[in-house]
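First comes the structure, then the notes that go with it.
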Ligand code: MN
């Protein structure tokens, strides 16, 4: 095929001279850029963009789309740049070329169902203009037509990619022509035995079928003429893939009645229904096979009447009745808007607004049946659309989607939490950049790690993704365990001293074992930690061995007049705040800390933020006469990655505790739930923590200290 063949076809529907000139210029530009290159099939490379353009002309694409199709692979050449294309062909065409180029850099092959949906999402999300996707479909179709030139293993990978990802998109856009050819080609490479078997059977029965269809066609046509309905009847070939699908559902080849199919085209909607009535009066319809897609079009705009009738000689015929306009939409889907007279309208049609994209994306997901993750994916997608994502690449060419303003640290955590935790530097497009560098679309990012390195709290100031934030946070939460151990050991020592028991007498191997059984922990350190994070009081733990009534907590009954939470000895009406690092609740052992200009800040005595300089701390006590509830945070570490939000909410509600919020930190194979809850006192909190800890899915639970 040559450019003049293409031009002849274009001229049948585009007559503006300047548009034709731009197409020609695009061809010449591509020709010079691809000069000397060959495709795997041995043809000169230019044959590929020419064929892609030809496919698009077949669905009456506009001149910008055709020009972009001719140029769609020139960016692969080192000698061409985006600026050059923008300068020569303007903003619109350049954007289309760039869009297709972006998509072509992504390696979409995957076995993972979740990723298949993710990739569909990326294609939709990355394409600001739906014409980019249409060019991509045509590109894929031509590559599939020439797939024979690739080695067999690549053939299968490419065919699966087309079937999993591009076919559903083509179906959604209603571009039946491209969809159906892609399906047949994919089947041919994925299951050659099945494909050729069906093709052969079709071939064997071809003459017989053609004669039967022809007879029926004449009969129906005569009937419609009698009623003065202007019409056209086409015999219709079923695609091999659709037959394969039916065979797959357990039907026998001989039973597939819509092998015999007719399509009747009429001039208006009213004639569609008239035609249906006339046909049903003569040929008995098969029950439950009538569908009115005119009154209720499919989501991809498809309209038609479908019925199945007993035709001549008792053969079953599937008949479609539709207007010429409906037929255009059925074949070309969204692309049929190109044929509309009002060009402005059609332009608006192709500009993807956020709403349209979302709708589009939803219906693509609907196609992939009942995925559990669908809702989440849509939420995520909506977020990303509104936040404006960027797409960057790993050195291997995998695409990573990030919000605008994301940094190499965000990228590192998106790859893996271990990569994030050990990041020491980043290289973007071969240049060393600082870790707070803002990534741009198409950056190629390489992360340097050192296995002995750990995250820095500084990172919290610049990371953009919630994933990176929560991972960095959970890293520090982890190292705070040491603080709990220290604090717990201190409280236990104090309690034992009070009861005049020696530490080494108390913590014998046997006692440790019994305490561990009760607390559901293992090892002495974890006993300390359970006390240090206030899950249990020291008294409770000591009582397991040395049974004594627990002393009443250090709460004083204060003057009923005051409504302050905290009573500070010797000071009247002083400003008191509960520290929001350790969030003490009534009954916690507390210490006041005199701040420079914010009165007294009250911390739990185990809080690591307290620097225990005697002259700035003072004794404070709880006022138990208030009905206040205190906001505090609990961290629940689970041992599975499944969602236990419901179990947690249920447990919490039993304790009549209100929840401020639950934040889930997903890690490789478990989760951390950060629960903000309002409790009356430490007693209530402790009971809650003990009953949450009873769940088998709970690894450990502790109060949060920031
Ligand atoms: Mn291409």
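What length, rounded to one decimal in nm, is gained on full extension from residue 643 through to residue 466, with 0.36 nm per residue of separation minus their alpha-carbon distance?
Details: separation 177, 0.36 × 177 = 63.72 nm, distance 1.79 nm.
Length gained, residue 643 through residue 466: 61.9 nm.
Can you work out the base-10 log of I(q)/I(0) for segment 3-200 at q = 0.09, 0.10, 0.12, 0.19 1/Å, using the Debye formula on its C-alpha atoms alone?
-0.34, -0.42, -0.60, -1.43
Just want the ordering: 101, 622, 459, 148, from fewest to most Cβ atoms lying within 10 Å of their own Cβ. The partial results should precede the final answer.
Numbers: 101 19, 622 26, 459 22, 148 11.
Taking fewest neighbouring Cβ atoms as first place, the list is 148, 101, 459, 622.
Whole number please: convex hull volume per residue of the Cα set in segment 1-99, in Å³? List each step's numbers first, then the result.
Working: hull volume 9.3 nm³, N = 99.
It comes to 93 Å³ per residue, whole-number rounded.
Rg and Dmax in Å for segment 630-703, alpha carbons only: what are they?
11.3, 35
Treating only the Cα positions of segment 201-334 as identical point scatterers, give the base-10 log of I(q)/I(0) from the Debye formula at each q in 0.10, 0.22 Å⁻¹.
-0.32, -1.48
Just the ratio, please: alpha-carbon radius of gyration of segment 480-545 over 2.2 N^0.38 Å, N its number of residues.
0.97
Please list 60-71, 492-503 highest first by mean number of surrounding beta-carbon atoms within 10 Å per residue.
Working: 60-71: 25.5, 492-503: 13.8.
Most protected by this proxy first, the peptides run 60-71, 492-503.
For the residue pair residue 627 and residue 201, what label-to-label distance in nm results when each label sits 7 Å from Cα along the Cα-to-beta-carbon direction?
7.7
For the pair residue 454 and residue 269, what calculated FRET efficiency results from E = 1/(1 + (r/R0)^6), where r is the Cβ-Cβ distance and R0 = 60 Å, to the nearest 0.05?
Details: r = 69 Å, r/R0 = 1.16.
Step by step, r from the Cβ atoms, then E = 0.30.
Apply the a/c threshold of 1.5 to the C-alpha gyration tensor of segment 596-656 and tell me whether it is rounded, prolate or oblate. Spell out each step's value before the answer.
Numbers: a/c = 3.76, a/b = 1.86, b/c = 2.02.
In terms of gyration-tensor shape, oblate.
With every atom except the alpha carbons ignored, what do you get for Rg and Dmax of segment 388-478, in angstroms?
Just the Cα atoms of segment 388-478 yield Rg and Dmax of 11.9, 35 Å.
Taking only C-alpha pairs under 8 Å that are 6+ residues apart, what is the relative contact order of segment 480-545 in percent?
Details: 67 pairs, mean separation 34.9, N = 66.
Here the relative contact order equals 53 percent.
Considering only C-alpha atoms, what is the centroid distance from segment 1-70 to segment 224-273, in Å?
34
Where a number appears in this text, it was derived from the coordinates with a stated rule and is not lab data. Everything numeric in this text was worked out from a predicted model, so none of it was measured. Because the Cβ atoms are built from the backbone with ideal geometry, glycine has one as well, and the counts that use them run over all protein chains shown.
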